[in-house]
Amino acid sequence: MKIRELTILAIIIFTITFSIRASNNMLITTVPLIAKYYFHFSAFSVGLVSSIASIFSFISSFFINSKLSASLRSKLMKTSSILYAITFLLFYFVNPFLIWIFTAIAGFSMGIIFPNIITFAGSIGDQRSRERMISLYTASLSLSLIVSPGLESLILSKYSLTQAFIFFSAFSFLVPIISFKIKFEDDRVKEKNSNLTILKSPAFLASLFNNLMYDIPFGMIETFGAIYAITLFHANYSLSTLLFTLYFLTSFISRGLFTVRPAKNILRIILLNVGSTIVGLFLASISYNLYMYILSLLILGIPHGLTYPSSLILLSRNFKDERERSIANSYFSGILIGLGGVIPIIMGYSIEEIGLRESFTLLAIVSLILFFIMLREYNKISVINQ
C-alpha cells in the first residue's frame, strides 16, 4: 500500500475517532452530573442512567453488528452515525424522563460505530501497518480525551451543562460526514471458526480479561471521578471536569509511544499496566487533598493508555481472517461496553454501602484477580502457538 494512501486512511481514522470519542466522553461524564445536580438522582440512579448507554451499546455491538456482513455493517454504521449526531444535539432539551431515552439511543449508535472503526483500522495493509493503525486509533481516543474535558471545562465556566451539548455537537456531526469515507472489504467467505469458538478461544479471553483489568476501574473513574473531586475536595464543575484532561494526558503519551513503536512483547506492557493500576487506585483511595488525587489520576492514565491497544493487538495477531476479526472486535467491544453498563450500577451501590474511598481500594483487589485470570489464558496462547 502506497504511503499517500496510508496517510489518507490514517487521517480518516484519526478524524472519526477523535470526533466520536470527544463527543462521547463529554456525554458520558456530563450525564451523571446532570442527573445528580439538575435532577437530584441518588448515587444508585446516577449509576443506572450512566449504564443505559453501555447496555444499549452492548446490545447493538454484541447481538447485531457481529452478525452482519460487510455491506450491511457499512450501511448501519452510516445510519447510526446520523442518529448519534441528531440525538447528541437533543440533549440540550433533556429532562428527567428524556435523559433515559436519549442516553439509550446514543449508546445504541456507539455500539455500532466503535467496533467498525476498530475493524477498519485493523484491516489496513500488512501486520505492522495494521498495528500502527490500531495504535493510531487508540492514540486518537486519548488525544480527544485530553481536548474534550479541557474544552468542556472552558465552556462550563460560562455556560450550563446542557448548553455544553450545543458546542460539542460540532464533533458529533463530523462523525456521519467521515463515516461515508469508510469502506469494508468483502467478507463473504466461509468462516474458519464459529462465533462460539471465537468467544471461547484463549486469544479472545486473554484480550478480554486484559482489558477488564483496567476497564472496571475506568468505569468508576469516568462515572464518579468528578463527583469524587466535588464531594471530597470541594472542586467546582469546571475544575472537576478539567481533571480528566490530566488523566488522559498520560494516556495519550503512552499511546503515542505505542503508535511510534508497537510492542513486540505484549506481556511486558501488561505487567506495567497491572502495576500502575494497583498503585494509582490505592493512591486515590488514600488521597487527603486534591494534589494527591491528581497524582493518582496521572498514574492511572498510563494503564488507560496501554491496556486497550495491547488488547486490540492481541486480537489482531491471533485472528488473521477478516471475518473473524470483525466478529472478535464486535464481541470484544460489546462485552466491554455491556460490563461497562453494569459497573456504574455496582459502584453506585458500593459507594452507598462502603464509601467513595473504600470503593477504590476494592477495585485494586478486583484488578489483581483479573490479572491472574488473564495470565492463565495468555499462557494457553503460547502453548497453542508452539
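The values are calculated or read from the model by the stated rules, or taken from the named source; none is laboratory data. From a predicted model like this one, the values you see are computed outputs, not experimental measurements. Positions of Cβ are generated from backbone atoms using ideal geometry, with glycine treated the same way; all protein chains shown enter the neighbour counts. Heads up: the accessible areas ignore ligands, DNA and RNA and are worked out on the full protein's heavy atoms, side chains in. Shrake-Rupley method; radii C 1.70, N 1.55, O 1.52, S 1.80 Å.
Let me spell out the model: positive unit charges on the Cβ of Lys and Arg, negative unit charges on the Cβ of Asp and Glu, origin at the Cα centre of the chain. What dipole size does that give, in debye rounded to 20?
1100 debye
Could you calculate the contour length gain from residue 317 to residue 154, that is, 0.36 nm times the residue separation minus the distance between their Cα atoms, to one decimal place in nm?
Working: separation 163, 0.36 × 163 = 58.68 nm, distance 4.13 nm.
That works out to 54.6 nm of additional length.
Positive end of the charge dipole of the chain (Lys, Arg +1 and Asp, Glu -1 on Cβ, about the Cα centre): tell me which of 104, 71, 136 has its Cα farthest that way.
With unit charges placed on the Cβ atoms, the residue in question is 71.
Quick one: if the Förster radius is 41 Å, what FRET efficiency do residue 354 and residue 75 give, using the C-beta to C-beta distance and rounding to 0.05?
The value I calculate is 0.30.
Stick to Cα atoms and the Kirkwood definition of Rh, then tell me Rg/Rh for the chain. Could the numbers behind the result be given before it?
Details: Rg = 19.6 Å, Rh = 20.7 Å.
Rounded to two decimals, Rg/Rh equals 0.95.
With θ set to phi - 60°, apply the Karplus curve 6.51 cos²θ - 1.76 cosθ + 1.60 along the stretch 176-184 and write out the HN-Hα couplings as whole Hz, x wherever there is a Gly or Pro.
x, 4, 6, 4, 6, 8, 9, 10, 10
Please list, in order along the stretch 55-65, the HN-Hα scalar couplings obtained from phi with the Karplus expression 6.51 cos²θ - 1.76 cosθ + 1.60 (θ = phi - 60°), rounded to whole Hz, x for Gly and Pro.
Those phi angles translate into 4, 6, 5, 4, 4, 5, 6, 6, 9, 10, 4 Hz.
Which order, highest average first, do 276-288, 10-22 follow once you tally other Cβ atoms within 10 Å for each residue and take the mean per peptide?
Highest to lowest by the protection proxy: 10-22, 276-288.
Along the charge dipole of the stretch 70-152, pointing to its positive end and built from +1/-1 on Cβ of Lys, Arg, Asp and Glu, which listed residue (115, 149, 125) has its Cα farthest out?
The residue sitting most towards the positive pole is 125.
Given a cut-off of under 8 Å on Cα pairs at least six residues apart, what relative contact order in percent is computed for the chain? Spell out each step's value before the answer.
Details: 596 pairs, mean separation 111.8, N = 386.
Value for the chain: 29 percent.
Which distance in nm do the two modelled labels at residue 95 and residue 163 give, with both placed 7 Å along the Cα-to-Cβ direction?
The answer from the label model is 2.1 nm.
Can you list the HN-Hα couplings for the stretch 96-107, worked out from phi with the Karplus curve (6.51, -1.76, 1.60; θ = phi - 60°), rounded to whole Hz and with x for Gly and Pro?
Result, ordered by residue: x, 8, 5, 4, 6, 5, 5, 5, 5, 5, 4, x Hz.
Could you order the peptides 101-110, 137-146 from most to least packed, using the average number of other C-beta atoms within 10 Å per residue?
The densest-packed peptide leads the list: 137-146, 101-110.
Cross-link list 183/320; 2/183; 36/78; 181/264; 264/320; 75/264: which exceed 24 angstrom alpha carbon to alpha carbon?
Details: 183/320 19 Å; 2/183 18 Å; 36/78 33 Å; 181/264 31 Å; 264/320 17 Å; 75/264 36 Å.
Beyond 24 Å: 36/78; 181/264; 75/264.
Quick one: go through the stretch 318-360 and flag any residue whose amide nitrogen is under 13 Å from the point 7 Å out along the Cα-to-Cβ line of residue 232.
The answer is 351, 355-360, whose backbone nitrogens lie closer than 13 Å to the label point.
Compare the Cα positions of 293, 303, 328 along the charge dipole of the stretch 270-386 (+1 at Cβ of Lys, Arg; -1 at Cβ of Asp, Glu; about the Cα centre) and return the one farthest towards the positive end.
About the Cα centre, the residue reaching furthest to the positive side is 328.
Rounded to a whole number, what % of the accessible area of the chain do carbon and sulfur atoms account for, probe 1.4 Å? Mind showing how you got there, number by number?
Values: 10730 of 15430 Å².
Carbon and sulfur: 70 percent of the exposed surface of the chain.
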